[in-house]
Amino acid sequence: MTERLMMVGAGLSGAVLARQLAEAGHAITVVDARPHVAGNCHTARDADTGVMVHTYGPHIFHTDDDGVWDYVQRFARFRDYKNQVKTTVASQVYSLPVNLHTINQFFGTALRPDQARAFVAARTADIPDPQTFEEQALAFVGPDLYAAFFKGYTEKQWGTSPANLPASILKRLPLRFTYDDNYFFHRHQGMPEDGYTALVAAILDHPGIAVVLETVFDPAEADQWDHVFWSGPLDGFFDYRLGRLGYRTLDFEVFRADGDWQGCAVMNHPDTDVPYTRISEHKHFAPWESHEKSVLYREFPRACGPNDIPYYPIRLAEEKSLLADYVALAQTAPNVTFVGRLGTYRYLDMDVTIREALDLAQAFLATRSTGTPAPRFSKAPL
């Protein structure tokens, strides 16, 4: 039986869900408050330079999930791309992630991999069970590398001391004892040749999908649909009645230059006397293109206000307590499933977002054949 389904949000979660359910025969309406699809991975050509700009900051696709990799390639041609990040520390440029070149350059040594491993291990702190970001860093790389490459950047990114942050944040960052400076280690890495917005538009291009932009969905109208998938902020669905979950947001200072301004796509700036965290030069995200001029972003993280775009969920103890209350409240919302980064209040890479949407679509269709309730979340927030 064809159902009328509402998809709130035209980002990756909403687009993939809409496509899968439309292919299963349902009628989907996708609503987004913005004037474009693709959410925060939206890309657009700069009118002055022709550079493809990552409007809300850099997005690089990387995954070990063969199914997700095959899925995105149905809708866009992906070009090879390696994320080779540089960082400026005390007026010196180093490669990230911290690798054998970084170690030898920083300490003025010429160590082999086994020597570097022992060298770093001798400088790390003996902390058997690190609980905070700072403890994890001291146990992972020692005080010198931590102070140079991690401490200041993290303080600026999160607006608090690394001693207040969970160790899990640093566990995502690699440390290599080779000269490999590819930031990610996944088997599949690339960029959609025509940008992410073209990719998402292609996913949404189906006769069973109607896309309505610049429109705010009112949760009070949820009962007018057979089911609603909400990819907006979890607390926003309930009009923040229990308080606001904490996020970090980003301000971008856009500037243009002739030629090649910094020679790489991303240059980190962890020094605390520099107010921004990094500079991205967008033409380097498409190295197969050639542009005489350049578009760059200086990135300034700060606390997210009511009218700001939420980027990173904070998920400290206070937020987790409030999150638990919202998760309980969500159980009372009939015929609504909360999805994606904002709907589950979790930091998600793009491949994980797509995988969860694919799995949720399959699970939702299964409930329609068995008569069981639809999942409340694409993935449990806690």
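All of the numbers you see were taken from the coordinates with simple rules; none came from a lab. Keep in mind it's a predicted model, so treat the numbers as computed, not measured. Please note: Cβ atoms are built from the backbone with ideal geometry, for glycine as well, and neighbour counts cover all protein chains shown.
A few comments on the model shown:
- For segment 202-278, size of Cβ-based charge dipole, Lys and Arg +1, Asp and Glu -1, in debye: 240 debye
- Extending 7 Å from the Cα toward the beta-carbon at both Q92 and H36 defines two label points whose distance is 3.9 nm.
- Among E134, E299, E23, sorting on how many other beta-carbon atoms sit within 10 Å of each Cβ, with the fewest leading, yields E23, E299, E134.
- Translational D in µm²/s for segment 293-382 (Stokes-Einstein at 37 °C, 0.692 mPa s, Kirkwood Rh from C-alpha pairs): 214 µm²/s
- Antiparallel DSSP beta bridges within segment 260-382, percent to nearest 5: 90 percent
- Converting phi to 3J(HN,Hα) with the Karplus coefficients 6.51, -1.76 and 1.60 and the offset θ = phi - 60°, segment 273-282 yields 7, 9, x, 9, 8, 6, 10, 10, 10, 6 Hz in sequence order, with x at every glycine or proline.
- The gain in end-to-end length when the F185 to R123 segment is fully stretched comes to 19.8 nm, 0.36 nm per residue minus the alpha carbon separation.
- Dipole of the chain, positive direction: furthest Cα of N268, V85, G142, with charges on the beta-carbon: G142
- Label-to-label distance for E289 and L242 is 4.3 nm, based on points extended 7 Å past Cα in the beta-carbon direction.
- For segment 31-45, the Karplus equation 6.51 cos²θ - 1.76 cosθ + 1.60, evaluated at θ = phi - 60°, returns couplings of 10, 9, 6, 7, x, 8, 8, 5, x, 6, 9, 4, 10, 8, 6 Hz by residue, with Gly and Pro reported as x.
- Zone of R45's modelled label, taken as backbone nitrogen in segment 198-216 under 16 Å from a point 7 Å along Cα→Cβ: 198-199
- Gap separating the Cα centres of segment 27-52 and segment 155-197, nearest whole Å: 24 Å
- Counting DSSP beta bridges with both ends in the chain, the antiparallel % (nearest 5): 65 percent
- Model label sites at A147 and E193, defined 7 Å from Cα along the beta-carbon direction, differ in position by 5.0 nm.
- Whole-number Å³ per residue for the convex hull built on Cα positions in segment 1-153: 221 Å³
- Amide H contacts of D180 (H built 1.01 Å from N, in plane; Pro and chain starts excluded): L100 sit under 5 Å, all sequence-distant by 5 or more or on other chains.
- Across segment 59-76, rounded Karplus estimates of 3J(HN,Hα) from the backbone phi angles (6.51 cos²θ - 1.76 cosθ + 1.60, θ = phi - 60°) give 9, 10, 8, 8, 6, 9, 8, 4, x, 5, 4, 5, 5, 5, 6, 5, 10, 7 Hz, Gly and Pro being marked x.
- Cα-only radius of gyration and Dmax that characterise segment 173-306, units Å: 20.4, 57
- Shape metrics for segment 65-144, restricted to C-alpha atoms - Rg then Dmax, Å: 17.9, 49
- Between D271 and A27, the FRET efficiency estimated from the beta carbon spacing at R0 = 56 angstrom works out to 0.55.
- The number of Lys pairs in the chain with C-alpha atoms less than 23 Å apart, excluding pairs fewer than 8 positions apart on the same chain, is 15.
- Per the Kirkwood formula applied to alpha carbons, the chain shows a radius of gyration over Rh ratio, Rg over Rh, of 0.98.
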